[in-house]
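**Student:** Mind having a look at this structure? Questions to follow.
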């Protein structure tokens, strides 16, 4: 094998300029050898000019010098796909962090790369194909139980055309590197299939029959989202908000309660402390749907803010590629990326070092297309075997100064199907989740009827207008009808939009409950009420809000739940105006 | 090996000089000997045989014939017990008249902690300041900025915390400090005897810009070592806005494309790399980080406080000499305030809610509305609250502060008016 070796001619931050003689590939992985020694730093080719290539290094470049060798590998930046991914914690380049900690202690060590999938673990493999079968890329060769799923071992995604199975290994225990089938195409080429395969992260996996429209809603347990601004399986949504508005808490709630098979959390350039909570708490929490540990359906990609910037850029792609891999098995996957702004900033840093002509706020001009092609990797697909799988992508955005008129938020809004805008005013008033009920939108179907949602939204809008007016004219200058409308909208807010993340029952509501409660709510709002004075209206709604909060905290259809419901009906009867 | 000396400076721009040299490694230190004295310099860029060096003492006075000697090592800082009680510059030179320390050199700007090794924070750091201890508890391994504006007593607050905080070692990093402020810190710590557990790295406003950039790194490198020796370390940095401004200055001289108000595009990553050094080592010590960030024009959307807010675990707003109860937030307080005293959360919530009502009443009062009985009670409460709970110059243990809170409530209200559950009022309401 002739090795392709280049020579460093420039170092600028984490950007290397390398002179080469043999052909190089754009986005190829290379290793820069510090002082020609054993310490090798992973890098990626990002621009080629004449016979010099520019590489972004995924690590600190201290210690490199002009003349140091660079080994080109000929492979694009790839991830390993196979059993053993779930429950793992990887960095942006798919380094397993817990195993890294075992070897290196507290600190991440530069130039230390471990195999993402352990090579010594044996998996119990059952073949699902036989000699003579004709297969194409993405077809299942066999299965391996991984936690609560049957992990499919598939025909490598990069094979083109039809292949015939030449030989198959019998059921048994194998490591990920073992060949379990040999394929042959009509030209006589043979190909050995290992349990594990590799796939370049920046390419979408496209081994499916067709892409479908996302229509089935993905229940998240959050009333504001499921009822008002729903997300569909295979849909995309974004959560922009200023700091302290609760983006990360919202994502944590979703990662716990979302009705999907697998959740991939890509912590991208955010606080390490937040990942730690997920890391330490998930193994202890049980998934209410399966009764197993939540960790069994979770995979964490963790490239926190202090970890190298270039790897941060790779981390969202690593996340989405792993999501696509599980989608190929007919599973519903939710990818939560926190935060896409940090990822965009990583792009900006690199663009700056490359001295590209900057766009708005110095973000590169290709920012929009990069964001668009990332979100486009979400979707529902019909697989070749007729099953369907989906990748739902939710990204948080951290706009500078909380102002949504900035390039990353705007570019994201163009391509997502739902927008959950968090507002500072709501979070300051401790109204969580702080999703703005007037500004947010969704293009996906809600779990309740559309016209009912429209009614509730109209009341919220009216209430907000009256609220604005009252700030000017005071309570005295407001008519009692307007005031009651205001109280109604406050009531929806307090009892339906707001959810107490710390209460076990209130934290997440199933679809059934949401439908039932929302119907009751509308019934109440549709009732014509008469009050003598505003004070009466206020105390009535205050009392009702308090009761309804207790209702929210009681188990659905439990005795307590029914009892409180009765109380509310009675209270309502006392003020309703039957005269009309 | 004899280090080669280079005589010919090719280019001088601001604090950056360029020499032609070979066998130079990225990040290497060099000694620049010129008419104005000897200074350290660091390699910041390599391009063919051109080596770009950032001169710590600045470019002023450097001749094209200055001597540049490469030292074959990267930036290091000494670490030993002897650091305690001493004051150094950003590049590690003594600023007091003490001896130079050269033992046990350690690298600065080391790698990040493996997230898999982090643990959920669990210990409170007592500061004796009720607005912090009661309402926004500081937690070991937390990173918190103090958002303030020029003219506010933020340095006094930091000094106060340094004196009162229950920690083993204090590292004070001063960036762009006025010389008076530096002397204030030194004298105050000295008088109270806290200097013996303090290491100071100070860059004053008149010192070279580049040294300002080093202050957080050296402070945190030393803090990391102490923390690994089982010490609870509190790092106090003031003022991070000066640090960011120095970064801006250097980036602009290097002709980097600015992103937002002239700041470099990697402002977030640079700040995060420092703040994320706050950590609790399982089975060993910890680093807690408090950093002053002055907001130019009192604007929290300015790039420096804005980026900081996204990195840190909450923030304190220091305004009109008080820590604002609204806006200030310790994101980690929930981890500890359920284990201090059973009434802690109740007092925290109730007093803030009532204070918010007081503010509303004040507004009504200023608009000329008639004051009800309830309003009068609130006004009385608000004054008492501001007077005794919001004072930042006191040293009150948490328990005493909580008792004090009950006393104020009892002075102004009936138990039922506070909305506190009777199981607490029965036990704690002063008779």
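**Student:** Can you put B:56, B:281 in order, fewest other beta carbons within 10 Å first?
**Tutor:** Least crowded to most crowded, the residues run B:281, B:56.
**Student:** Now for a different question. Give the value in nm², to one decimal: projected area of the alpha carbon convex hull of the stretch B:124-208, averaged over all directions.
**Tutor:** Over every viewing direction, the Cα hull of the stretch B:124-208 projects on average to 6.0 nm².
**Student:** Which value in nm describes the separation of the simple spin-label points at residue B:366 and residue B:50, placed 7 Å from the Cα toward the beta carbon?
**Tutor:** Taking the simple label geometry, residue B:366 and residue B:50 are separated by 5.7 nm.
**Student:** Would you mind telling me the antiparallel percentage of the DSSP bridges in the protein assembly as shown, rounded to 5?
**Tutor:** Around 70 percent antiparallel, to the nearest 5.
**Student:** Continuing with the same structure: D for the protein assembly as shown, whole µm²/s, Stokes-Einstein with Kirkwood Rh over alpha-carbon pairs at 10 °C and 1.306 mPa s: what number?
**Tutor:** The diffusion coefficient I find is 51 µm²/s.
**Student:** On to the next question. If you average 1/r across every pair of different Cα atoms in chain A and take the reciprocal, what Kirkwood value do you get, in Å?
**Tutor:** Kirkwood radius, chain A: 26.3 Å.
**Student:** Could you give the distance between the Cα centres of the stretch A:180-213 and the stretch A:225-297, to the whole Å?
**Tutor:** Cα centroid of the stretch A:180-213 versus Cα centroid of the stretch A:225-297: 31 Å apart.
**Student:** Using 0.36 nm per residue, how much length does the chain from residue B:416 to residue B:282 gain when fully extended, once their Cα-Cα distance is taken away?
**Tutor:** Difference between extended and current length: 43.8 nm.
**Student:** Apply 1/(1 + (r/R0)^6) to the Cβ-Cβ distance of residue B:36 and residue B:387, taking R0 = 45 Å, and write down the FRET efficiency to the nearest 0.05.
**Tutor:** 0.25
**Student:** Quick one: check the C-alpha center-to-center distance for the stretch B:352-373 versus the stretch A:532-555, whole angstrom.
**Tutor:** Between the Cα centre of the stretch B:352-373 and that of the stretch A:532-555, the gap is 24 Å.
**Student:** I've got another one for you. Fully extended, how many nm does the chain gain between residue A:249 and residue A:547 (0.36 nm per residue separation, minus their Cα-Cα distance)?
**Tutor:** Working it through step by step, the gained length comes to 104.7 nm.
**Student:** Considering the convex hull of the alpha carbon atoms of the stretch A:450-575, report its projected area averaged over all viewing directions, in nm², one decimal.
**Tutor:** 7.9 nm²
**Student:** Related question: Quick one, what does Rg over Rh come out to for the stretch B:201-317 if you take C-alpha atoms and the Kirkwood Rh?
**Tutor:** For the stretch B:201-317, the value is 0.99.
**Student:** Over what distance in Å are the Cα centres of the stretch B:241-288 and the stretch B:139-186 separated?
**Tutor:** Spelled out, the Cα-based centre of one part sits 18 Å from the other.
**Student:** Can you work out the PRE-style zone for residue A:355? Point 7 Å along Cα to Cβ, and I want the residues of the stretch B:244-264 with backbone N under 19 Å.
**Tutor:** Answer for the stretch B:244-264: B:250-259, B:264.
**Student:** Evaluate the distance, in nm, between pseudo-label points positioned 7 Å from the Cα of residue A:166 and of residue A:455 along their respective Cα→Cβ axes.
**Tutor:** So the label points at residue A:166 and residue A:455 sit 6.8 nm apart.
**Student:** Still on this structure, I have one more. Which value in deg cm²/dmol, rounded to the nearest 500, describes the helix-derived mean residue ellipticity at 222 nm for the protein assembly as shown, given -39,500 (n - 2.57) per DSSP H run of n ≥ 4 and division by the residue count?
**Tutor:** -10000 deg cm²/dmol
**Student:** Also: Compute the long axis of helix B:373-384 from its Cα atoms, compare it with the longest principal axis of the Cα atoms of chain B, and write down the angle in degrees, 0 to 90, nearest 10.
**Tutor:** So the helix axis and the longest Cα principal axis differ by about 40 degrees.
**Student:** How high is the relative contact order of chain B? Use alpha-carbon pairs under 8 Å, at least six apart in sequence, and give a whole percent.
**Tutor:** 17 percent
**Student:** Viscosity 1.002 mPa s, temperature 20 °C: give me the Stokes-Einstein translational D for the stretch A:5-143 in µm²/s, with Rh taken as the Kirkwood radius over C-alpha pairs.
**Tutor:** Calculated translational D: 124 µm²/s.
**Student:** I've got another one for you. Can you tell me the 0 to 90 degree angle between the C-alpha axis of helix A:247-257 and the longest principal axis of chain A, rounded to 10?
**Tutor:** 90 degrees
**Student:** Right, next: Need one value for A:270-281: mean number of C-beta atoms belonging to other chains within 10 Å of its residues' C-beta atoms.
**Tutor:** 6
**Student:** Measure nothing but the geometry: give the 0 to 90° angle between the long axis through the Cα atoms of A:534-553 and the longest principal axis through the Cα atoms of chain A, rounded to 10°.
**Tutor:** 40 degrees
**Student:** Related question: For residue A:104 and residue A:73, FRET efficiency with R0 = 22 Å and r from the beta-carbon atoms, rounded to 0.05?
**Tutor:** Step by step, r from the Cβ atoms, then E = 0.40.
**Student:** At 7 Å along Cα-to-Cβ for each site, give me the label-to-label distance between residue A:280 and residue A:47 in nm.
**Tutor:** If labels sit at residue A:280 and residue A:47, their model points lie 4.4 nm apart.
**Student:** On a full-extension model of 0.36 nm per residue, what is the gain between residue A:113 and residue A:212, subtracting their alpha-carbon distance, rounded to one decimal in nm?
**Tutor:** 31.8 nm
**Student:** Let a ≥ b ≥ c be the square roots of the eigenvalues of the Cα gyration tensor of the stretch B:344-428; is it rounded (a/c under 1.5), or, if not, prolate (a/b larger than b/c) or oblate?
**Tutor:** oblate
**Student:** Another question, if that's okay. Pull up the DSSP beta bridges for chain A and report the antiparallel fraction as a percent, rounded to 5.
**Tutor:** 70 percent
**Student:** Sticking with this structure for a sec: I need the calculated FRET efficiency for the pair residue A:136 and residue A:7, taking r as the beta carbon distance and R₀ as 56 Å, to the nearest 0.05.
**Tutor:** 0.85
**Student:** Less than 15 Å from a label point 7 Å out along the Cα-to-Cβ axis of residue A:289: which backbone N atoms in the stretch A:494-508 qualify, by residue?
**Tutor:** A:508, by backbone N distance to the label point.
**Student:** Hey, another quick one. May I ask for log10 I(q)/I(0) of the stretch B:5-74 at q = 0.17, 0.19, 0.27 Å⁻¹, from a Debye sum over the Cα atoms as equal point scatterers with solvent left out?
**Tutor:** Taken in order of the listed q values, log10 I(q)/I(0) reads -0.47, -0.60, -1.32.
**Student:** Kirkwood Rh over Cα pairs of the stretch B:78-336 into Stokes-Einstein at 10 °C, 1.306 mPa s: D in µm²/s?
**Tutor:** 87 µm²/s
**Student:** Could you pull the Cα extents of the stretch B:41-109 along its three principal axes, largest to smallest, in whole Å?
**Tutor:** Principal extents (Cα only, largest first): 43, 25, 17 Å.
**Student:** For the stretch B:262-401, build the convex hull from the C-alpha positions and give me its volume per residue in Å³.
**Tutor:** In the stretch B:262-401, the Cα convex hull volume per residue is 148 Å³.
**Student:** Next up: Would any residue of the stretch B:288-318 have its amide N under 15 Å from a label point 7 Å out along Cα→Cβ of residue B:334? List them or say none.
**Tutor:** B:313-314
Values quoted throughout were computed directly from the atomic coordinates according to the rules given, and no laboratory measurement underlies them. As the structure is a prediction and not an experimental result, all values here were calculated from the model. For neighbour counting, all protein chains shown are included, and Cβ atoms are generated from backbone atoms with ideal geometry for every residue, glycine included.
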